[in-house]
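These notes are about the structure you will find just below.
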Amino acid sequence: MIKAVMVMNTQGKPRLAKFFDYLPVEKQQELIRRVFGVLCSRPENVSNFIEAESIFGPDSRLVYNHFATLYFVVVFDSSENELAMLDYIQLLGQQTLERCFKNVCELDIVFNYSKIHTILDEIILGGQVLETRSTEIMRAVEEISKLEAATNAISFIPKSASSWLSR
Amino acid sequence: MDAKSYAICFKPSSSALKRSNTTRNWYRVAKLEQLKTIGRELTKGSQGGFYQSKEFLDLVKSIGEARSKAEEDRIVLSEIETLKRRISEPDIPKRKMKEYIIRLVYVEMLGHDASFGYIHAVKMIHDDSLLVKRTGYLAVTLFLNEDHDLIILIVNTIQKDLKSDNYLVVCAALNAVCKLINEETIPAVLPQIVELLAHPKEAVRKKAIMALHRFYQKSPSSVSHLVSNFRKRLCDNDPGVMGATLCPLFDLITNDVNSYKDLVISFVSILKQVAERRLPKAYDYHQMPAPFIQIKLLKILALLGSSDKQASENMYTVVGDIFRKCDSSSNIGNAVLYECICCVSSIYPNPKLLESAADAISRFLKSDSHNLKYMGIDALGRLIKISPEIAEQHQLAVIDCLEDPDDTLKRKTFELLYKMTKSTNVEVIVDRMIDYMNSINDNHYKTEIASRCVELAEQFAPSNQWFIQTMNKVFEHAGDLVNIKVAHNLMRLIAEGFGEDDDTADSQLRSSAVESYLHILGEPKLPSVFLQVICWVLGEYGTADGKYSASYITGKLCDVAEAYSNDETVKAYAVTALMKIYAFEIAAGRKVDMLPECHSLMEEFLASHSTDLQQRAYELQAVIGLDAHAVESILPSDASCEDIEVDKALSFLNDYIQEAIEKGAQPYIPESERTGMLNISNFRNQDHHEASSHGLRFEAYELPKQTVQARIPPASLASTELVPVPEPMYPRESYQTTTVPSVSSDAASTELKLRLDGVQKRWGRQTHFPSTSTSNSTSLKTVNGITQVDGSNTANSRTRETYDSRKQVEISPEKQKLAASLFGGPSKTEKKSATGHKSSKPSSHMVKSHAPKSSMEVASEKTSVQQPPDLLDFGEPTVKSTAPSLDPFKDLEGLLEPTTQVSSAVNHSSTAAVTKSPDIMGLYTETTAGAHHKDSDILSGLSNPPMTNMVGGTTTMQVAQSSKGPNLKDSLEKDALVRQMGVTPSSQNPNLFKDILG
């Protein structure tokens, strides 16, 4: 199963962190720091895999990919396939986010924090990859946005504001 | 500027972007540009309602611009203050509230405490608005763990939401279920989740399966009755749901392969359909038909086909097809290929498939991509288990990977080498490993690789010299990371040799070890574990081959102790090594001249704060003062492998004990034998203590005692002593009343007295127990004090426990049968057996099992005196049989006498120790308990305790016989005396015997 998904920028600042087994905040921070420590010591043109047992305990591997200013990191155990994990990152980063935000960048992830979480929830549930069709993920996310916008309209926010907000 | 001009496109490969300084600078500029344009972005409104306010934007911006961690922390802390204030304001608009919570989540992601907001997140999930509810669920899944106190407030809402008409609400609740429901709350939501498995929306069905899978992970038993649902969902119309079902099935099959063999055909046919592109186009990924489902299926097949020829044969065709169809140009295609190789190497081997797998591996290894090389090495490691010969054709590729700058790949390759190590290549591989080990700083991996080196060296070492050298290298570089066991193994190996009978080889090994260690000692800063090994070996074998003089070795050892003066373990090893060297010298008849530095060292150690060091130093001093003969028997040379025989019976004390007995000491009666009697006597004794310490109470307790002595068989006392709770006694006693009408009045009074005794015991316990322990006149007393105080202190309860278990062992089936026939019920509990002895006693004598509870014998004998003739008849054969019953042991008596004493000595020491350390007592009782099983095997050396049992039995039976004289009162008085005597120091006992026997 997948143990954690992390997105951090090249300076080690976490942009998104989701641990599928609960960990206390301090522990999460420590793990993120250590992962970044390993990532930035990796030379160019090497594999995207790291044995992460010293960080995450026994039976844990780490796959990362580097998009522009961001590292996407997935931590998982031996029941998953490394190359497939790499593709999940691709799926999340390249395909889905790209579709969501057009030319996606680090700030999109920062400012759409809850949306990224929604997307991630659609792809991975309880540590298992649930959905691998980016069209399907997009559809689900859009449906949620629409409905949220709809319920939003009923709330007591001034009409002008809500219409201003929903494009 | 264009709103999107800052955007950096995602690139598929990391290598495309160089992280040089220029890039960073460019990035910084770009980021500032980004931030400037955020405003515009905002006015446009973020897509689809995922809106954030200006404040949040400012926060992110200022954090992004923070120059140091401290500055960032300041910003975040002030943000937390703001949020704390704002969030508790009344009537916050929902949208604002949502934003606050998201900001909280963000703050927590940055590592700050946001726990003050948890309750607000929980409140949000109760909201009707989907927007607010979803945010609430998101926040609680990120904030809380399944055991958090607030979960109790969430479960109810989750239950409600799972029933919602809106499937998005259901999905949100299912997300939370996966994260927040723990083992105890599973039953609260389980029925609804099972219902959702039939939900019209496939997204809901999928998530419901995942929720069940999660439950299975948390508590397999909670969903064990629902496994059929997973099988059913495998046939779901929607391929997505089917794909999701593979996750729980994979786990289930991992845990129990055999229950799912029937699914092999289904999995194979699903895989076939997937590979033939029967699934909707939407599942294609990079032109591969549903590769993720293929991977999962291949994993499952690998499990099912493992060492199952029949199941494997079903798979061959489809796996072969996939090998052919796989597009090896894409990443995902290779992922499927790799999974095929794993499957092939796991299932029953098929030559054709193995060939395809080998081809795929060579393609991986020849690839330029490090990822593929990595997978290739991993796959090779799997395949060589089946066909070791394929490694050869990839030799060069493997060596390349070993030289690769990529650490991950290197480690994977070492793993492969570890798997393919043989005695022919072990030298190269271990050398390589050690080199690599020296080059890395990662302690975790260093430890792992060191232990692998050790393992391989132990398993395949071509020569002793090589082995010693290798171990030296490992210890030198990773000594402190190596498990101490490895060091002990090494010492043992040097001591025992390689198991061959060739002594010269062993001594060669030792001298080479000594030589290499003397050489290594010159190096600075050696790990502690290694030094321990060195000291031990030098001490044991430093002078064995005569090559080095004692003064040279001792000089070296002194150097070690001085150089590592802050490591007490090493110093202790060094001192002991010195002692051995000197002892060998003395034993060999040479004159020992202690080096001056050794003298000063000893002086230092004699005054050391470490008691261990001090003791060792004193021992050394003592050994040096002894003559050659004594030294040789203390420290024989090269005897580290000899077993040290521990004489638990302490037979070397026999003479001493014999002497003591002749002088009139009391012979030892094992604990199991004496409890009853001693309890009584102890009771008495306690009375005495009470008499001495509490004068007023003496009268109050003495009175019922008199009546007891006059009329009631003391057995009742004994049995109450044995039984912590006196109540169950009554039925027994009343039973006696019915059978023996003549004693009925006595029995009635017994009841009363018993009650009294119970009370007395309860009161007395607290008061007199301390006095027993303080007076401490005999160890026997202490034991009884212990058996009396049940459970009030651990040591005591422990003795009681062991005592109980022993007692149960003693009840032979014959006895039980007899007890059943006599009392109409099996005497299983100790209470029953305790009272049961009263009448079952004859049988116990007749079956010649060792005499139980000597004092009860006394007691029961007396009851039988009082009882009508028919019961007396029962008793008669006993009396006669006592002598013959001992016959088998009579021959042993000469032998028995001393052993009795021995064990009594043991017991004295052990019981004395009871108050201090219950462990010793446990050890002792263990041996006796064990010996009880071996009753028949009396001649065996270890069965001393049962023998003493017999002796104890003999004496007490004799007591019984004599007390069974015509005058009941007289005998009772004698008995009382006996009991009193039994307690007082053993020197008085001969009088007792004289009195009774003479």
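What follows is calculated from the coordinates using simple rules that are stated; it is not laboratory data. Fair warning: this is a prediction, and the values are worked out from it, not measured in the lab. Every residue, glycine among them, receives a Cβ derived from its backbone with ideal geometry; neighbour counts consider all protein chains shown.
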Averaged over B:125-138, how many beta carbons belonging to a partner chain fall within 10 Å of each residue's beta carbon?
4
Taking beta carbons within 10 Å but only from partner chains, what does the mean come to for residues B:368-379?
3
Amide H neighbours of residue A:67 under 5 Å, at least 5 residues apart or on other chains, H built in the peptide plane: list them.
A:72
So if each residue of separation counts as 0.36 nm, and I subtract the Cα-Cα distance between residue B:257 and residue B:182, what length gain in nm does that give?
24.3 nm
Taking H placed 1.01 Å from N in the peptide plane, check which residues at least 5 places from residue B:285 or on another chain put their amide H under 5 Å from its amide H.
B:290
Is there a pair in B:352/B:385; B:61/B:179; B:385/B:422; B:525/B:556 whose C-alpha atoms are over 20 Å apart, and which pairs would that be?
B:61/B:179
Estimated vicinal HN-Hα couplings, Hz - segment B:547-558 in sequence order (Karplus 6.51, -1.76, 1.60; Gly, Pro = x)
6, 10, 7, 4, 5, 5, 5, 5, x, 4, 5, 5
Expressed in angstrom, Rg and Dmax over the Cα atoms of segment B:376-437 are 10.9, 30
Among A:116-123, B:341-348, B:422-429, A:52-59, what's the highest-first ranking by average C-beta atoms within 10 angstrom per residue?
B:341-348, A:116-123, A:52-59, B:422-429
Run lengths n ≥ 4 of DSSP H only: what is the helix-derived mean residue ellipticity at 222 nm for chain A, with -39500 (n - 2.57) per run over all residues, to the nearest 500?
-13500 deg cm²/dmol
Partner shielding of B:185-197, taken as the mean number of other chain Cβ atoms within 10 Å, equals 0
For B:128-138, B:609-619, ranked highest to lowest by mean beta-carbon neighbours within 10 Å, the order is B:128-138, B:609-619
Give the average over all directions of the projected area of the C-alpha convex hull of segment B:335-481, one decimal, in nm².
8.9 nm²
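From the Cα gyration tensor of segment A:2-153, with a ≥ b ≥ c the square roots of its eigenvalues, which class applies: rounded if a/c is under 1.5, or else prolate if a/b is larger than b/c, or else oblate? Show your work: numbers first, answer last.
Working: a/c = 1.67, a/b = 1.60, b/c = 1.04.
The shape class here is prolate.
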Sequence-separation-based contact order of segment A:2-153, relative, with Cα cut under 8 Å and 6+ spacing, percent
21 percent
What ranking do B:599-607, B:257-265 get when scored by the average of other Cβ atoms within 10 Å per residue, highest first?
B:599-607, B:257-265
If one computes the Cα centroid of segment B:509-531 and of segment B:236-282, what distance in Å separates the two points?
59 Å
Residues with amide H under 5 Å from that of residue A:128, placed H, sequence gap 5 or more:
A:2
Exceeding the 30 Å Cα-Cα cut-off - candidates B:160/B:206; B:160/B:261; A:27/B:373; B:580/B:648:
B:160/B:261; A:27/B:373
GluC sites (Glu not before Pro) in segment B:449-524 lying in a DSSP loop, each with at most 11 other Cβ atoms within 10 Å of its Cβ, come to B:500
Please arrange A:22, B:338 by counting, for each residue, the other beta carbons lying within 10 Å of its beta carbon, fewest first.
A:22, B:338
A 20 angstrom limit on the alpha carbon distance is what I want to check against. Which of B:96/B:133; B:201/B:296; B:446/B:485; A:13/B:69 exceed it?
B:201/B:296
Enumerate the calculated ³J(HN,Hα) couplings along segment A:70-80 in order (Karplus 6.51 cos²θ - 1.76 cosθ + 1.60, θ = phi - 60°), each rounded to whole Hz, writing x wherever the residue is Gly or Pro.
10, 9, 9, 10, 10, 10, 8, 10, 6, 7, 10
Give me the extension gain from residue B:219 to residue B:235: residue separation times 0.36 nm, minus the current Cα-Cα distance, reported in nm with one decimal.
3.2 nm
Phi to ³J(HN,Hα) by Karplus 6.51 cos²θ - 1.76 cosθ + 1.60 over segment B:121-131, Hz, x for Gly, Pro:
4, 5, 4, 5, 6, 7, 5, 7, 5, 4, 4
